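Here is the structure we will look at.
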Amino acid sequence: MLIFVSVLLFLNFPVASCEPINPGCSLGMADAIFQDGDVLVDCHFVLLTVSIALQKIFHFLRFHLSFPMFIYRIHPNKYQYVIALNFAIEEINKNIHLLPNISLGYDMYSIVQYQATILEHSIRFLTGLKEAIPNYTCRKESKLIAVVTGTSWEFPSRISTILGLYKYPQNPLGLFEIYGIVFFTSLHIFFSHQLTFGPFDPMLSDHVKFPFIYQMAPEDTSLALGMVSLMVHFSWTWVGLIITENEKGIKFLSDLKREMKKNSVCAAFVQMLSLKYRYNWNDLLSTDPAIMGEMVKVFIVFADIDSTLVVIFKASGQVDPWRVWVTTSQWDIASSVRHFILDSFHGTLIFSQHHPEISAFKDFIQTVNPSKYPDDIFLSHIWKMYLNCPFSRVYCKTLKTCSSNGSLALLPWHRFDMDMSEESYHIYNAVYAVAHSLHEMLQEHADVQPVKSRKRLVFSPCRLHPFLKNIQFNNPSGDKVDLSHTGKLETKYDIFNFWNFPQGLGLKVKVGTFSSFLPRNKQFSLSDGMIEWGTKDKQTPLSVCSTSCAPGLMKSPQEGKASCCFDCHPCLENEISNETDSIQCIKCPDDQYANTEQTHCIPKAVTFLAYEDPLGMALACMALCFSALTALVLGVFVKHHETPIVKANNRTLSYILLISLILCFLCSLPFIGLPNMATCILQQMSFGVVFTIAVSTVLAKTVTVVLAFRSTVPGRRMRWILVSPNLIIPICTLIQMVLCAIWLGASAPFVDINAHNERGHITIMCNKGSATAFYCVLGYLGFLAMGTLTVAFWARNLPDIFNEAKFLTFSMLVFCSVWVTFLPVYHSTKGKVMVAVEVFSILASSAGLLGCIFVPKCYIILIRPKNGSFKGLRGTRVCK
């Protein structure tokens, strides 16, 4: 069963009265400060913070209804706006060169930064009443020349719409309608100019929609670049973004992401904050599991002091202290939240628009007290709340006994900052902009006298617009102020570090600057040693998704993750990376190679089998020694040529074999030393021909032994065949020479510079040219050797007093063993070692022939000569 209960409340508008309404001594939206002058500047400042309490009504019902009751409090730091206003007004009024004989005054209203109260405040401003009563006005002839508003876009844009600054300039009666309510106001209000002192807002930069709004703050076009420069400076590549969800926040996020992409910085998360939703601290950081981990140490905050994020911090009462906060001066939470959580923001880096220090401002603050400004109810409340000055409820003022005592400078830093804030500086410039514009207007229209009305001057605000929109001047501190749409100056930022350790210290220390108009390498300046970090180890925090890849490694992206998350892999062989976080490795040139760490290329050493090299020297000495030894054996044989042992087995073949062995030893010398075209050809041709002569000679000697013993068998006449073994040598040699000639014609050997075979070396050696021709020559030589070995093995048991057949068999066995071993060893080596293997094989095989065939004969000739006499040989037939 549904029960509908309706309550009808009749609200009667009170009868309007132009007498001021006394709201009592409590602060409220109706409070204002007035200072008279010939010309007035209307100011709307957010001085009060509001809390809501629920008041119970209808207690006689079984249920209770509640209505909100607003409680207003003033924050001393916000009161600096009023001080800056008074400071500028008093300076101008004392300046005889600016607006002489004309005094400047102001009418200051306190507003609450909530959309629900903006309309009410606008109506009170239009009607001149302290209560928002439509259809009444107490404004007669006003001295208002301009309006100063801030700090966010809602109030300037809404009051601009209400005032009809661009939509209703032709309305002669000053009638307009808002939400169905008709209002009447003076015509001159439609032409009031608004100067905003809050942060630059792109919503208000539309000069077609808002032609009479002037933003004192320069545009934050380089703020994103400045923050990214800070990230790059500290190598922060993995950061969290917390941004207010409004037009300004969305534009900043777009600029920030663009700069982050250019500099390879990634966002771990993006949290947009809206007043439509309620958050707590844990919910705020639960969007990504990595946020609560150790990787994300840095948070970029773009918000204002009235944003949802401040509400979260105030509600939660604590914030993870081991983080680094990077923010702007508009989100100066350090001076706004409760004192017991301030240590969470120790080490915060704050970007603040640069403005020169005005030393006289601090001196002026020392003079501010309720005695000097007795009608300032806000100042009286500050003295009562924070300086314990008694308060008169009758007159809503502090008692004279203490109103002149004390100073705002005595308040703790989180209550009142003696340094001029950005907003106060913009208020200061706004008042001076109005004064300079009015001064130029009066000078240009000196012949047109202002309208006299009741002994005072009345100016038409619409005449000020051409001067205000083009005004350019230097304020008393020397800083240039330019309100022209095309003359906006580049923004310079000061970077402050918030120190709050020990807790309560509360210092903002300037540690760096950023100027986008300077050259790229001079834009960002930071004193790292001055920064106090809020991290556990007090060292510069590391906020990365993946640890940087050291030189010698390259980045490999992790699939499905941001570009800042990657793995590190070593570079490939002979590739280097000489920078941190290299995307790809660089291949070294052919004449260079990578060092062990693969961080840089080293020139390769040129190498070949030189005579100066120990290995080359050893092989050359061996070749010469064996050549000399062979020559010595030849000399012994020549000297004892008449002995039976020399005559045995064909003395001529022994001489040919010894000479060919000398040439075999000497043909290894062209392999040593710096190769050239001649030596490359000589190496292979001499090797092939000379060894063919040697092996064919051994074959001829073996055949001679076989034929000699067969010719002695009765009934056989084979002595004529004894002459035929001498033809073996020229025939075999001729075939090898033909093969060599074909080799030279097809693809001759040449000098080869090889930079890849051996690490760190460029090897100069002879290339075989045609591999097929080389193996044909080597194969033919092997065929002769195997044939000789076969014949010698078959004849090893023939009766011979000098064991000639056995020696020939053993010599060819050694020869074949050397070259069979040569092939796998040769192909398993590189560079000059490969050449050395070939030289050693030549020497070993030649030495095998020399040792196995001639050493036993020399032993008999020199040591046992009797064994070689005719007595020892009696009964033996010798072939001459």
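Which entries in Lys297/Lys561; Lys78/Lys538; Lys508/Lys538; Lys604/Lys830; Lys492/Lys522 show an alpha-carbon gap greater than 22 Å?
On the way: Lys297/Lys561 19 Å; Lys78/Lys538 33 Å; Lys508/Lys538 18 Å; Lys604/Lys830 15 Å; Lys492/Lys522 13 Å.
Where the Cα-Cα span goes over 22 Å, the pairs concerned are Lys78/Lys538.
Let me check I've understood the local charge: for Asn86, count other residues with C-beta under 11 angstrom from its C-beta, Lys and Arg +1, Asp and Glu -1. What total comes out?
On the way: positive: Lys372; negative: Glu90, Glu91, Asp376.
Net charge in that neighbourhood comes out at -2.
Tell me, what is the FRET efficiency for Arg520 and Ala746 to the nearest 0.05, using R0 = 56 angstrom and their Cβ-Cβ distance as r?
Working: r = 63 Å, r/R0 = 1.12.
The pair Arg520/Ala746 has a calculated efficiency of 0.35.
Quick one: accessible area per residue over region 553-602, 1.4 Å probe, rounded to a whole number of Å²? Mind showing how you got there, number by number?
Working: 3260 Å² over 50 residues.
Spelled out: the 1.4 Å probe surface of region 553-602, per residue, equals 65 Å².
So how do 476-484, 574-582, 832-840 stack up, highest first, on mean other-Cβ count within 10 Å? Present the calculation step by step, with values, prior to reporting the outcome.
Working: 476-484: 14.4, 574-582: 18.2, 832-840: 19.9.
Highest to lowest by the protection proxy: 832-840, 574-582, 476-484.
Quick one: pull the percent of accessible area on region 553-602 belonging to carbon and sulfur, 1.4 Å probe, ligands and nucleic acids left out.
On the way: 1630 of 3260 Å².
Taking all protein chains in place, region 553-602 shows 50 percent carbon and sulfur surface.
Could you put Phe378, Phe750, Phe626 in order of accessible surface area, largest first, with the 1.4 Å probe and the full protein assembly present? Don't jump to the answer; show the numbers that get you there.
Working: Phe378 0, Phe750 80, Phe626 55 Å².
In descending accessible area the options line up as Phe750, Phe626, Phe378.
Once R0 is set to 41 Å, what does the formula 1/(1 + (r/R0)^6) return for the Cβ-Cβ distance between Asn95 and Asn388, expressed as a FRET efficiency to the nearest 0.05? Display every interim value, and only then the final one.
Working: r = 38 Å, r/R0 = 0.92.
Taking R0 as 41 Å, the efficiency between Asn95 and Asn388 is 0.65.
Give, as a single signed number, the net charge of other residues whose beta carbon lies under 11 Å from the beta carbon of Ile33, with Lys and Arg counted +1 and Asp and Glu -1.
Numbers: positive: none; negative: Asp31, Asp107, Asp375, Asp376.
Net charge in that neighbourhood comes out at -4.
Ordered by packing density, taken as the mean number of other Cβ atoms within 10 Å over each peptide's residues, highest first, how do 541-548, 664-671 rank? All intermediate terms of the calculation are to be shown ahead of the outcome.
Working: 541-548: 17.5, 664-671: 22.9.
So the order, starting with the most tightly packed, is 664-671, 541-548.
In vacuo Debye scattering of region 553-602, one point per C-alpha: log10 I(q)/I(0) at q = 0.18 Å⁻¹?
-0.54
With the other protein chains left in place, how much accessible area per residue, in square angstrom, belongs to region 614-864 at a 1.4 angstrom probe? The partial results should precede the final answer.
On the way: 11190 Å² over 251 residues.
Result: 45 Å² of accessible area for each residue.
Once the whole set of protein chains is in place, how much accessible area is left on Ile96, using a 1.4 Å probe, in Å² to the nearest 10?
For Ile96, the solvent-accessible surface is approximately 130 Å².
Express in Å², to the nearest 10, the accessible area of Lys768 obtained by rolling a 1.4 Å probe over the protein heavy atoms while all chains stay in place.
Accessible surface of Lys768 is approximately 30 Å².
How about region 518-607: which trypsin sites (Lys or Arg not before Pro) there are in a DSSP loop, with at most 11 other Cβ atoms within 10 Å of their Cβ? Mind dumping the intermediate values first?
Values: sites: Arg520, Lys522, Lys536, Lys538, Lys555, Lys561, Lys587, Lys604; in loops: Lys536, Lys538, Lys561, Lys604.
Taking region 518-607 and a limit of 11 other Cβ atoms within 10 Å, the loop trypsin sites (Lys or Arg not before Pro) found are Lys536, Lys538.
In whole percent, and with a 1.4 Å probe on the protein chains, what portion of the accessible area of region 614-864 is carbon and sulfur?
On the way: 8350 of 11190 Å².
Exposed carbon and sulfur together represent 75 percent of the surface.
Accessible surface of Trp413 in the full protein assembly, 1.4 angstrom probe, to the nearest 10 Å²?
The accessible area comes out at roughly 50 Å².
Got a sec? What order do Phe810, Phe252 fall in by accessible area at 1.4 Å, biggest, i.e. largest, first? Write out the running numbers ahead of the final one.
Values: Phe810 120, Phe252 10 Å².
From most accessible down to least: Phe810, Phe252.
The values are calculated or read from the model by the stated rules, or taken from the named source; none is laboratory data. It should be emphasised that the depicted structure is a prediction, and the values quoted were computed from it without experimental measurement. When we count neighbours, we look across all protein chains shown, and the Cβ atoms used for this are built from the backbone with ideal geometry, even at glycine. SASA here: full protein model, heavy atoms, side chains in, ligands and nucleic acids out. Shrake-Rupley method; radii C 1.70, N 1.55, O 1.52, S 1.80 Å.
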